[in-house]
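Just so it is clear, none of the values below were taken in a lab; they were calculated from the coordinates. Values in this document were obtained by computation on a predicted structure and should not be read as measured data. Methodologically, a virtual Cβ is constructed for each residue, glycine included, from the backbone with ideal geometry; neighbour enumeration extends over all protein chains shown.
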């Protein structure tokens, strides 16, 4: 199975759903983190306008904390849906705890990346790429029931797939933040989740089989 193998209409719709959740979370997160409110991005979108009511909690919770919580909530929904789509069943209590853990990690990664950009752009990208790769590896492990910090073989197809969809996400996010092009984020996120769905089908047996050929 290739990285761009079409997974079927139902699974592709899930890819679009989780992508939409991530985009909504990131749009709100960036707006709040940069001193704006949710109404600045969702005010003209009728289907999401109710989110504007959450702006009243920003002074109480704090801007940075609110932005992280908002992003974390949408990432959590995204990860739960992706997990269920990958495994074909509901999540267990242990899986929820693991998903909550790497979701929190991802929210922190986005926040630290944004803080690093004005300090050193190169350092920010290196941090973003490396840390998201680790988070994606953990996410893939949880989908497959593997140990939390089990790492793919450097010469394997799984490793290449993880690197590929991490790059898609990073490039899309960088162009979005730097130039304000939401289409870049949407495209990068869609490709990320599309490839991730196929990478999730690669098992350790597949890796061993390919290494002996």
Computed helical MRE - 222 nm, the chain, DSSP H runs ≥ 4 contributing -39500 (n - 2.57), nearest 500: -24500 deg cm²/dmol
Cα long-axis angle, helix 121-144 against the chain (0 to 90 degrees, to the nearest 10): 60 degrees
Taking 27, 77, 1 and counting other C-beta atoms within 10 Å, the order from fewest to most: 1, 77, 27
Sequence-separation-based contact order of segment 9-208, relative, with Cα cut under 8 Å and 6+ spacing, percent: 20 percent
Relative pair counts by distance (%), Cα atoms of the chain, 10 Å bins: 8, 34, 36, 18, 4, 1
Between helix 93-116 and the chain: long-axis angle, C-alpha atoms, 0 to 90°, nearest 10: 60 degrees
With Cα atoms, 0 to 90° folded angle of helix 63-87 axis to the chain main axis: 30 degrees
Centre separation in Å (Cα based) which lies between segment 103-156 and segment 54-79: 20 Å
Protection proxy ranking, peptides 105-112, 91-98, average beta carbon neighbours within 10 Å, highest first: 105-112, 91-98
5 Å-binned pair-distance histogram of segment 1-106 (Cα, whole percent): 2, 12, 19, 19, 16, 14, 10, 5, 2, 0
